[in-house]
Amino acid sequence: MAIYLDCNATTPVEPSVASVVVRFLEKDFGNAASPIHDYGVFALVAVEHARGQVAEVVKARRDEVIFTSGATESNNLAILGLADAGLGRGRRHLITTTIEHKAVLEPFEEMARLGFEVQILPVRADGRFDPQRLADALRPDTLLVSTMQVNNETGVLQPLAEVADILANRDIWWHVDAAQGFGKELEQLRHPRIDLISLSGHKIYGPKGVGALIARKYDRQFPPLRPLVFGGGQEQGLRPGTLPVPLIAGLGEAAKLALRNNGERIAHCQAFREKALATFSALGAEQNGAEEYTLPHVLNVSLPGINSELAIKALKNVIAVSSTSACTSHTHTPSHVLTAMGLSSENVEQSIRLSWCHMTPEVDWSEVGTILRARRG
């Protein structure tokens, strides 16, 4: 079996997380909305405990965590949920960047259909957007700025600290898609200026199908979000429906471990990275995204003389890697992220993404190099 190097698409599940999920599936299976007996009480306690574990990662309040099905739903709630507030206040200007995930770009398209003006900022060749371009784009009618924390294709950390300074005294909502950075890079998301944070369980060694939107309160008030789904009062009235207690408990456990083991995980990933970099450097690969801003568990490279599809197929018995975002890989369209960074069509077609984690076993890098040299001919 090939060694899995596609953790940015989804991560393996921590053993203790799996144990927690199974426990709440098989034994403690009560409904958290029915705390009229011990089963329901225990389920509710488990949900609130997990809420606190997720909040602690970014130093938020427990009641600021809204459980969802994942970052895609959280992104939609954060963006589309502000539509009524924007229309009511005559603030119809929205800002995002060209390298955002489709789970942000497509809700922005829907906002444009509703009558909002969407401004999409370019990025530099290093894979980051320019904070000054953002500052220059702000207007009196700007309602929302949405910027990702870490790019899913390149692993490049975006300049959130600079954005926080720019937005410090402005009445503008700020949403951060943190699907790829939550629990991995800790400090940036703890900045109190960030209003809305989206995250997914399956990116931090937790279960699929669960995530959260962290909505920070000001003067005890949530951002003026409207629910996208109706039918109950769960999750502060913003996300109705029976809570998936097993998944939420698993997410809480994953968040706890992400915080507790952060330093150890970074060290493991950095050591792994050095071997991967050495192998691809020897092949003459070009790294996509500046190394100084790239998190230690991701590497995106273009291999001269080797089409990415051929490289992935050639390596399939040794390492499992990808060429683009998991959500768009079925479309066979060029990466919008790498294109936005100014890469040539040839370099985009030759790009592959490797992403690993603290549970990734050692790779026979000499075999990887041998296979790719042979494929290049």
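FYI, it's all coordinate maths here, none of it is from the lab. Note that the structure is predicted; figures quoted are calculated from it, not measured. Note that each Cβ is placed from the backbone with ideal geometry, even for glycine, and that neighbours are counted across all protein chains shown.
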- Query: Across the chain, how many lysine pairs separated by 8 or more positions, or lying on different chains, have Cα atoms within less than 18 Å?
  - Reply: 9
- Query: Taking only C-alpha pairs under 8 Å that are 6+ residues apart, what is the relative contact order of the chain in percent?
  - Reply: 24
- Item | the chain: angle of helix 38-58 to the longest principal axis, Cα-based, in degrees nearest 10 | 60
- Note on the structure: Given Cβ charges of +1 for Lys and Arg and -1 for Asp and Glu, the option among Ala125, Thr72, Leu5 whose Cα lies farthest towards the positive end of the dipole of the chain is Thr72
- Excluding Arg190 itself, what net charge comes from residues whose Cβ is under 12 Å from its Cβ, given Lys and Arg +1 and Asp and Glu -1? 0
- Note on the structure: Measuring from the longest principal axis of the C-alpha atoms of the chain, the long axis of helix 365-376 (C-alpha) lies at a number of degrees, nearest 10, equal to 70
- Listed peptides 158-166, 76-84 by packing density, highest first (mean Cβ within 10 Å): 76-84, 158-166
- Packing-wise, with mean Cβ within 10 Å as the measure, how do 355-363, 97-105, 118-126 rank, highest first? 97-105, 355-363, 118-126
- Query: Which order do peptides 23-29, 193-199 fall in by mean Cβ count within 10 Å, highest first?
  - Reply: 193-199, 23-29
- For helix 71-80, what angle does its Cα long axis make with the longest principal axis of the chain, in degrees from 0 to 90 and rounded to 10? 60
- Message: What number does segment 60-240 give for Rg over Rh if you use C-alpha atoms and the Kirkwood radius?
- Response: 0.93
